[in-house]
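Written below as C-alpha cells is the structure these notes are about.
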C-alpha cells in the first residue's frame, strides 16, 4: 500500500503528461527560456567572483542545469554556477590555478555522492521553518546588495532602467499571466534600451560569450598526497555548501508546490552533476534559489523539462550569440 507522500509524489506532472499537453509543454519551454536569460549575467558575475574565465561559468551552468535536472530529486529546481561555491573556490584558483580547481570539483562530486548515500538528505526534515525563512531572506538581501553597485556606479539611467524593471515585474502579473513577467521585463527593457540608445552597461563588461562547445578534459595535476592535502579542504567546502543550499532550496520548492521530493536522490544528483561539470572543466555549482524561484513562481515550471531546457537554452543562446560576426550590430549590442 502506498503512503500519502508517495501518492502526492505520483500526482506531480510527469514527462508523458508534459509531452501530451500543449499547454504544459509551452509553459515548461517558456520557463526554461526565462531561467536561461536570468542565468547568463549571474554566471558571468560568479565567474568573475571566482577568478575564472567567464565562459567557464556559462558552461558550468549548462552542465549543472542539465545533469542535475535529470539526476536530481526535486523537479523544477535549477542548478548552476552558484555564488556560494564561487566564494569557496576563489582562493584556490588564485593560488593554484584551473587544473587544481577541476580536480577539486571532481572530488567534491564524489564527496556529495558519499554524503548522499550516508543519509545527509534525510536530515533536512529536522530543519525548523524559521531557519528556512532566514535562509531565503538572507539570500534575498545578499542578492540585492550585490546588485546595488551595478545601479549606483553607472548614473541615473541605470537606476531608471532598474526601477522600470521592478515596476514591470509587479504590474505584468496583474495584467496577464500568459507570458511570465521576467520574460516581458527582459525583452521589453532590451528593446527600450536598443531603440533609445541609452548608455547602460552591457554583458560585454562581464566577459566574452563562448563560440564553441565545451570539451572533455582531465586535470593536469600530480596524483599525490600533497595534491590531496591542497584540494580536499576546498572540495569538502564545495560539497557541504552545495548540498546545504541545494537541499534547503529543494525543501522550499516542496513547500511552494505542496509536493515532496527525494532529498537523497537530490544529493546524489548534485554529486553526479559536479562530476560531469568537472570533466568539462567547470567551476562546480549547486541549486540556485533565485533561478529556481523564477522558474517555479514566476514562469510556472513544475517538471524536469523546464530545468533541463534552462541549460539547453543557455547553451544555444551563448553559442548562437558567440558565433555571430563581431561586425554584426546585433552582436555588438547584445554583448
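The values are calculated or read from the model by the stated rules, or taken from the named source; none is laboratory data. Remember, predicted model here, so these are calculated numbers, not experimental data. With ideal geometry, Cβ positions are generated from the backbone for all residues, glycine too; neighbour counts draw on all protein chains shown.
Quick rundown of the values:
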{"quantity": "Evaluation of residue 169 against (1) surrounded by 14 or more Cβ atoms within 10 Å (Cβ to Cβ); (2) within 28 Å of residue 272 (Cβ to Cβ) (one fails), failing number", "calculated": "(2)"}
{"quantity": "Residue match in the stretch 60-75 (condition: at pLDDT below 85 and either surrounded by 24 or more Cβ atoms within 10 Å (Cβ to Cβ) or farther than 30 Å from residue 15 by Cβ (or both))", "calculated": "no"}
{"quantity": "Unique match (being within 14 Å of the chain's Cα centre (by Cα) and within 29 Å of residue 99 (Cα to Cα)) among 86, 76, 50", "calculated": "86"}
{"quantity": "Index of the failed condition, residue 281 passing every other in (1) surrounded by 20 or more Cβ atoms within 10 Å (Cβ to Cβ); (2) under 19 Å from residue 124 (Cβ atoms)", "calculated": "(2)"}
{"quantity": "Evaluation of residue 264 against (1) buried (at least 20 other Cβ atoms within 10 Å of the Cβ); (2) at pLDDT below 95; (3) more than 26 Å from residue 29 (Cβ to Cβ) (one fails), failing number", "calculated": "(1)"}
{"quantity": "Candidate set: the stretch 209-235, residues that are loosely packed, with under 15 Cβ neighbours inside 10 Å and farther than 21 Å from residue 91 by Cβ; chosen: the one modelled with the lowest pLDDT", "calculated": "211"}
{"quantity": "Residue list for the stretch 172-183, filter: loosely packed, with under 12 Cβ neighbours inside 10 Å and part of a helix (DSSP H, G or I)", "calculated": "174, 175"}
{"quantity": "Of the criteria (1) closer than 27 Å to residue 221 by Cβ; (2) loosely packed, with under 15 Cβ neighbours inside 10 Å; (3) at pLDDT 90 or above, which one residue 26 fails", "calculated": "(1)"}
{"quantity": "Qualifying residue in the stretch 219-233 (condition: in a helix (DSSP H, G or I) and closer than 21 Å to residue 61 by Cα)", "calculated": "no"}
{"quantity": "Verdict on residue 29 being farther than 20 Å from residue 319 by Cβ, in a helix (DSSP H, G or I) and touching a helix residue (DSSP H, G or I) at 6+ places or on another chain (Cβ under 8 Å)", "calculated": "no"}
{"quantity": "Qualifying residue in the stretch 73-81 (condition: touching a helix residue (DSSP H, G or I) at 6+ places or on another chain (Cβ under 6 Å) and in a helix (DSSP H, G or I))", "calculated": "no"}
{"quantity": "Residue 143 vs. criteria within 29 Å of residue 280 (Cα to Cα), surrounded by 12 or more Cβ atoms within 10 Å (Cβ to Cβ) and either at pLDDT below 90 or out of contact with any helix residue (DSSP H, G or I) (no Cβ under 8 Å at 6 or more places or on another chain) (or both)", "calculated": "yes"}
{"quantity": "Residue within the stretch 42-56 that is crowded, with 24+ Cβ neighbours inside 10 Å and under 17 Å from residue 294 (Cα atoms) present", "calculated": "yes"}
{"quantity": "Check on residue 277, in contact with a helix residue (DSSP H, G or I) (Cβ under 8 Å, 6 or more places away or on another chain) and under 23 Å from residue 129 (Cα atoms)", "calculated": "no"}
{"quantity": "Pair list, Cβ under 8 Å, 6 or more apart: the stretch 232-260 residue in contact (Cβ under 8 Å) with a residue 40 or more places away in the chain and at positive phi, other residue assigned to a helix (DSSP H, G or I) and surrounded by fewer than 18 Cβ atoms within 10 Å (Cβ to Cβ)", "calculated": "258/8"}
{"quantity": "Selection from the stretch 44-62 of residues that are assigned to a loop (DSSP other than H, G, I, E, B) and closer than 10 Å to residue 82 by Cα", "calculated": "none"}
{"quantity": "The one condition in (1) touching a helix residue (DSSP H, G or I) at 6+ places or on another chain (Cβ under 6 Å); (2) farther than 23 Å from residue 267 by Cα that residue 21 fails to fulfil", "calculated": "(1)"}
